[in-house]
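Inspection log for the structure reproduced underneath, given as structure tokens.
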Amino acid sequence: MVRRVAVVGAGASGLAAIKSCLDEGLEPTCFEQSEDIGGLWRYTDQAEEGRASIYRTVFTNSCKEMMCYPDFPFPDDHPNYIHNTRLQQYIRKYAEHFDLLRHIRLKTLVTKIKKRPDFSVTGQWEVVTQRDGKEETTVFDAVMVCSGHHVYPNLPLADFTGIQKFKGRYFHSREYKEPDKFRGKKVLVIGLGNSGSDIAVELSAVASQVYLSSRSGSWVMSRVWEKGYPWDMLLVTRFRAWLENILPTALSDWLYVRTMNRFKHENFGLMPLNRASRKEPVFNDELPSRIACGVVVMKPNVKEFRETSVLFQDGTVQDDVDVVIFATGYTHAYPFMEDESIIKNRDNEVTLYKGILPPRLEKPTMAVIGLVLSLGPIIPTADLQSRWAVKVFQGRCMDTCQAQVWKKPKATLLFFCSLPQSFGNSTTLQLDYITYMDELASAIGVKPNMPKLLLTDPRLALEIFFGPCTPYQFRLMGPGKWRGARDAILTQWDRTLR
């Protein structure tokens with residue numbers, strides 16, 4: 001019987017894991033190496049070793065109705081897109097509301113996780129932690145890894161000829177915090193991802209010139225969509241997912257490109273090499289106007305660095321470059337795993353059953369939470385993943401336990417969870433958000449029963465199908481049902497307008 005669960009990391013995913021354990025009567029202990037909860041969303045003036053780092057002006061790309069914990073909506077007075085300081089406050093209020101803080105050990109670093117000698121029978125783990133120079137080893141029945149994937153920067157200097165000769169300053173975007181120190185400089189940002197485009201736009205207000213280099217282009221989306229509503233309230237719907245699934249591939253791709261190409265990307269040097277690719281788009285409301293104003297200039301990939309200049313693949317040369325910022329993404333790393341093959345990283349991909357379970361374990365008592373990528377918000381994804389994982393730990397998620405898919409060498413339901421690559425040609429597998437959420441929800445009995453709702457509550461059924469797939473849908477029925485879910489769904493547009 002699983003009772004004691006170790007949770008690694010007290011960010012948004014870690015808190016969801018703690019609460020899911022408590023809801024099922026388990027005893028979680030969460031280890032957080034920093035001095036406070038919040039993970040990625042806890043801003044600090046300096047990047048800290050071993051934890052995610054954000055710049056001062058980061059806002060969410062998902063709106064508040066789509067990205068909240070499903071049984072804890074954002075306050076009505078919050079804007080639709082949330083600054084990192086407000087999101088950190090919301091995360092703390094969530095932890096306080098559900099009494100999660102007493103299960104968290106701050107300033108405690110997990111240094112090693114290894115199987116117990118009798119793991120094949122008990123499924124137990126030894127977790128070695130360090131605090132104030134003292135080491136402690138504790139036995140747990142299960143482990144939930146919630147350490148995130150924006151911690152270890154990918155800085156591919158070997159791919160850039162001549163970078164050693166470059167006399168200017170260069171660093172990874174993880175180190176970037178605010179624009180003031182770049183006033184009057186010529187700055188090259190490498191990587192057309194969310195961070196790269198945000199930094200380029202922000203620097204364009206103070207730098208003498210900003211250049212933004214991209215190998216493969218990307219779709220650029222605005223947070224503000226049709227009629228001024230949030231993009232995800234309009235695009236992430238069950239109706240749209242159903243439509244894309246029944247349409248022929250060619251027609252579905254055409255519809256996707258038509259939706260994404262709201263302005264002619266090719267005119268701005270942004271058009272993706274693979275137009276129909278569902279890789280993560282860039283969310284930036286200002287980049288096209290900054291390009292149109294000439295303060296951000298799009299460039300192809302860098303061919304060679306020289307002492308004070310940069311040669312690009314199209315043969316153009318830019319002189320007097322002062323600073324280069326590599327917004328080139330992150331790599332997976334789990335330095336605390338004694339056996340690296342358990343969470344296997346090959347070519348920056350981790351193979352996990354349903355994007356959660358390491359597939360080669362004799363006992364399914366480890367879960368990786370918050371690693372999958374989809375065109376949807378991470379907080380409700382991590383919440384549902386945690387609820388599913390806890391059921392698996394207890395042997396109550398029979399589709400997994402009976403099939404024992406994690407033992408099969410060619411399991412059909414393995415997901416390759418890749419990091420979003422701001423740099424280069426991304427091979428990231430983008431899961432369809434609603435399909436993935438429904439798959440997990442069905443397994444634990446919390447997927448909305450549409451036929452039943454059509455008969456008993458047609459107003460709610462229509463809002464669920466045609467309206468946004470907000471997190472409250474997965475707290476309507478079944479285990480973990482929240483009595484406020486129906487009202488939250490029917491009033492979600494009111495809160496958006498407010």
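The values are calculated or read from the model by the stated rules, or taken from the named source; none is laboratory data. Remember, predicted model here, so these are calculated numbers, not experimental data. Virtual Cβ from ideal backbone geometry, glycine too; neighbours counted across all protein chains shown. Remember, those area values only see protein heavy atoms, side chains included, never the ligands or the DNA or RNA. Shrake-Rupley method; radii C 1.70, N 1.55, O 1.52, S 1.80 Å.
Residues are listed down the side, and each one gets a yes or a no for (1) assigned to a loop (DSSP other than H, G, I, E, B); (2) surrounded by 22 or more Cβ atoms within 10 Å (Cβ to Cβ):
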residue: E340; (1), (2): yes, no
residue: T351; (1), (2): no, no
residue: G355; (1), (2): yes, yes
residue: P359; (1), (2): yes, no
residue: G370; (1), (2): yes, yes
residue: A389; (1), (2): no, yes
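With respect to V121, is the statement that it is over 20 Å from A17 (Cα atoms), in the same structural domain as G38 (by the TED database) and surrounded by fewer than 19 Cβ atoms within 10 Å (Cβ to Cβ) true?
So V121 passes the test.
Just one of the numbered conditions (1) part of a loop (DSSP other than H, G, I, E, B); (2) crowded, with 18+ Cβ neighbours inside 10 Å is not true of P288; which one?
(1)
Suppose we keep only residues that are assigned to a helix (DSSP H, G or I), touching a Lys or Arg at 6+ places or on another chain (Cβ under 8 Å) and touching a residue at least 12 places away in the same chain (Cβ under 8 Å) within the range 437-460. Which one would you say is surrounded by the fewest Cβ atoms within 10 Å (Cβ to Cβ)?
First, the residues of the range 437-460 that are assigned to a helix (DSSP H, G or I): 437-444, 450-456, 458-460.
Right, trim to touching a Lys or Arg at 6+ places or on another chain (Cβ under 8 Å) and you get 438-441, 443-444, 460.
Cutting the leftovers down to touching a residue at least 12 places away in the same chain (Cβ under 8 Å) gives us 439-441, 443-444, 460.
On the way: E439: 18, L440: 23, A441: 21, A443: 20, I444: 21, L460: 20.
Filtering the range 437-460 for residues that are assigned to a helix (DSSP H, G or I), touching a Lys or Arg at 6+ places or on another chain (Cβ under 8 Å) and touching a residue at least 12 places away in the same chain (Cβ under 8 Å), the one surrounded by the fewest Cβ atoms within 10 Å (Cβ to Cβ) comes out as E439.
Given the condition assigned to a helix (DSSP H, G or I), at negative phi, open to solvent by less than 10 Å² (accessible area, probe 1.4 Å) and polar (S, T, N, Q), answer yes or no: does some residue in the range 198-221 qualify? I'd like the intermediate steps shown before the answer.
Step one: filter the range 198-221 for residues assigned to a helix (DSSP H, G or I), giving 198-203.
Narrowing the set further to residues that are at negative phi leaves 198-203.
If we keep only those that are open to solvent by less than 10 Å² (accessible area, probe 1.4 Å) as well, we get 199-200, 203.
Now restrict to residues that are polar (S, T, N, Q): none.
Within the range 198-221 (the criterion being assigned to a helix (DSSP H, G or I), at negative phi, open to solvent by less than 10 Å² (accessible area, probe 1.4 Å) and polar (S, T, N, Q)), the answer is no, since none of the residues qualifies.
Condition first: surrounded by fewer than 24 Cβ atoms within 10 Å (Cβ to Cβ), aliphatic (A, V, I, L, M) and touching a residue at least 24 places away in the same chain (Cβ under 8 Å). Now tell me which residues in the range 158-197 satisfy that.
I163
Please work out if Q89 is farther than 27 Å from Q394 by Cβ and within 28 Å of the chain's Cα centre (by Cα).
Working: farther than 27 Å from Q394 by Cβ: yes; within 28 Å of the chain's Cα centre (by Cα): yes.
It is true that Q89 is farther than 27 Å from Q394 by Cβ and within 28 Å of the chain's Cα centre (by Cα).
Across the range 24-55, which residue is nearest to T129 (Cα to Cα) among those that are touching a helix residue (DSSP H, G or I) at 6+ places or on another chain (Cβ under 7 Å), at pLDDT below 95 and not in a loop (DSSP other than H, G, I, E, B)?
G39
Hey, among the residues in the range 98-113 that are assigned to a strand (DSSP E or B) and open to solvent by less than 60 Å² (accessible area, probe 1.4 Å), which one's nearest to D23 (Cα to Cα)?
Checked the range 98-113; the qualifying residue nearest to D23 (Cα to Cα) is I104.
For T44, indicate whether it is surrounded by fewer than 21 Cβ atoms within 10 Å (Cβ to Cβ), among the β-branched types (V, I, T) and under 30 Å from G478 (Cα atoms).
no
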